[in-house]
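The values are calculated or read from the model by the stated rules, or taken from the named source; none is laboratory data. Note that the structure is predicted; figures quoted are calculated from it, not measured. Virtual Cβ from ideal backbone geometry, glycine too; neighbours counted across all protein chains shown. Accessible surface is based on the protein model in full, side chains and every heavy atom, while ligands, DNA and RNA are left aside. Shrake-Rupley method; radii C 1.70, N 1.55, O 1.52, S 1.80 Å.
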Amino acid sequence: MWKLHPVHMPKKPGYALNNIRIMALVSGGGSNLQALLDAEKNGALEGGNISIVVSDRPGVYALERAQAAGVPALTAAPDKTISGKLRRQELSDRILDLAETYRIGLIVLAGFLSILAGEIIQRYSGKIINLHPSLLPKFGGDGMYGERVHRAVLEAGEKESGCTVHLVDAGTDTGPILLQRRVPVQPDDTPGSLAVRIHKQEHIAIVEAVKIMVQKLS
Ligand code: GAR
């Protein structure tokens, strides 16, 4: 009797069993983007392909990282002539247009400091993930980003912190949690030293989360 064995394909860089086109959204240095680019190059993204990088700030180093990896890199800055929630929505609509043009299957907020709103949330429901530098639901929400988060953690006297990757819904930092990684808070920590410890965990978490999503969406 014939027994069927699973076929194991070689995992060469660039070889994609499940090709999911990914848009990475960034705002700054892009060390998490770099972790993803390196993982893809090493064949570790399970067929995930970083197809475009979009920054909401011009001239950030994350854009250079994308260009160095040969990935199209664009800036889509918020329109300051528009006020309040409409500004978020207008930026989100431009990002949605880009996502559809580039046939994106997964949107990864890898250090992205704008808040997405409007149609993109429904159209890409279950296909947008966000990386946040705390153990959500603690220290999330509007205005909680980057070093502000670490300062709040220290002021609250927390004994541990970490990072969270979650699915994006219509709230800010409220969607279902995919995974978290924890670090201890040391008595002599500054926001900067805590950020460094958490960053190392983020680089692992974001790659893990993208792998999970690529498998789920394939
Ligand atoms: C990361 O720590 C990420 O968690 C945080 O911005 C940093 C970007 O670092 N994101 C947020 O605060 C979103 N609320 P990177 O540019 O080196 O990847």
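Details
- Residue order for LEU131, LEU154 - accessible surface, 1.4 angstrom probe, largest first: LEU154, LEU131
- Label-to-label distance, nm, for residues given as LYS159 and GLU208 (7 Å Cα→Cβ offset): 2.2
- Cα pair distances of the stretch 120-212 binned at 10 Å [whole percent]: 17, 49, 27, 6, 0
- 5 angstrom amide H check on SER27, placed H, neighbours 5+ away: LEU113
- Value of [θ]222 nm, deg cm²/dmol, for the chain, DSSP H segments ≥ 4, -39500 (n - 2.57) each, nearest 500: -11500 deg cm²/dmol
- Potential extension, GLU100-GLU147 segment - 0.36 nm per residue separation minus Cα distance: 13.7 nm
- Stretchable slack from ASN19 to THR190, in nm (0.36 nm times residue separation minus alpha-carbon distance): 57.4 nm
- A probe of 1.4 angstrom, applied to the heavy atoms of all protein chains, finds LEU116 with accessible area near 10 square angstrom.
- Each residue of the stretch 82-98 is assigned a 3J(HN,Hα), and the resulting list reads 9, 9, x, 5, 5, 5, 4, 5, 5, 5, 4, 5, 5, 5, 4, 4, 4 Hz, derived from the Karplus form 6.51 cos²θ - 1.76 cosθ + 1.60 (θ = phi - 60°), x at Gly and Pro.
- Residues of the stretch 177-212 with an amide N closer than 15 Å to a point placed 7 Å from the Cα of ASN42 along the Cα-to-Cβ direction: 200-211.
- Think of the chain as a dipole: +1 on every Lys or Arg Cβ, -1 on every Asp or Glu Cβ, centred on the Cα centre; then among ALA110, ALA77, ILE204, ILE204 lies furthest on the positive end.
- When the surface is traced with a 1.4 Å probe over the full set of protein chains, LYS41 keeps roughly 150 Å² accessible.
- Relative to the Cα centre, the charge distribution of the stretch 97-218, modelled as +1 at Lys and Arg Cβ and -1 at Asp and Glu Cβ, gives a dipole magnitude of about 400 debye.
- Computed from the alpha carbon atoms alone, the convex hull of the stretch 17-118 holds 85 Å³ per residue.
- Using Cβ point charges alone (K and R +1, D and E -1), the dipole size of the chain about the Cα centre works out to roughly 580 debye.
- Value in Å of the Kirkwood radius, where the chain supplies the Cα pairs that are averaged: 17.9
- The heavy atoms of ARG197 present about 60 square angstrom of accessible area, all protein chains included, probe 1.4 Å.
- Amide H contacts under 5 Å for ILE20, placed H, 5+ residues apart: GLY48, ASN49
- The residue list LEU154, GLY30, GLN186 was ranked by how far each Cα lies along the charge dipole of the chain toward its positive end, using unit charges on Cβ atoms, and GLY30 comes out on top.
- Assigned charges on the beta-carbon of Lys, Arg, Asp, Glu; the stretch 139-203 dipole about Cα centre (debye): 220
- Separation in nanometres of the label points that stand 7 Å from Cα toward Cβ, at LEU217 and LYS200: 3.0
- The stretch 38-102 and the stretch 150-218: distance between their alpha carbon centers, rounded to Å: 21
- FRET efficiency for ASP93 and SER125, using Cβ-Cβ distance with R0 set to 22 Å, rounded to 0.05: 0.85
- Around the amide H of VAL183, modelled in the peptide plane, lie the amide H atoms of SER161, GLY162, all under 5 Å away and 5 or more residues distant in sequence or on another chain.
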